[in-house]
Amino acid sequence: TEGDIGAVFGLGFPPMKGGPFRFMDTYGIDKIHDLMNQYRSTYGDRFAPTKLLVDMARANKKFYEK
């Protein structure tokens, strides 16, 4: 996605990870969702997962469908 390209070239996201969206697909949207909820419990609502991530975790969806 354009977000991955922008993060790699504009923010310095490690290119070998493919960008943040590819990384989330590889690591697991459900794991990212769970980790964000743990951070939310510790650090507050700024770490709450977005509705998109909640829906994707429930439906086992990815940003890059094959």
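Just so it is clear, none of the values below were taken in a lab; they were calculated from the coordinates. Just so it is clear, the model here is predicted, and its values are computed rather than measured. All Cβ positions, glycine included, derive from the backbone under ideal geometry; neighbour counts span all protein chains shown.
How would you rank 12-22, 55-65, highest first, on the average number of other Cβ atoms within 10 Å across their residues? Could you put the intermediate results ahead of the total?
Values: 12-22: 15.2, 55-65: 13.2.
The packing order, highest mean first, is 12-22, 55-65.
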- Note on the structure: Quick calc: nm separation of the 7 Å Cα→Cβ label points for residue 38 and residue 61 -> 2.6
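Before rounding to the nearest 500, sum -39500 (n - 2.57) across all DSSP H runs of length at least 4 in the chain and divide by the residue total; then give [θ] at 222 nm in deg cm²/dmol. All intermediate terms of the calculation are to be shown ahead of the outcome.
Working: 4 runs with 37 residues, N = 66.
The per-residue figure over the chain is -16000 deg cm²/dmol.
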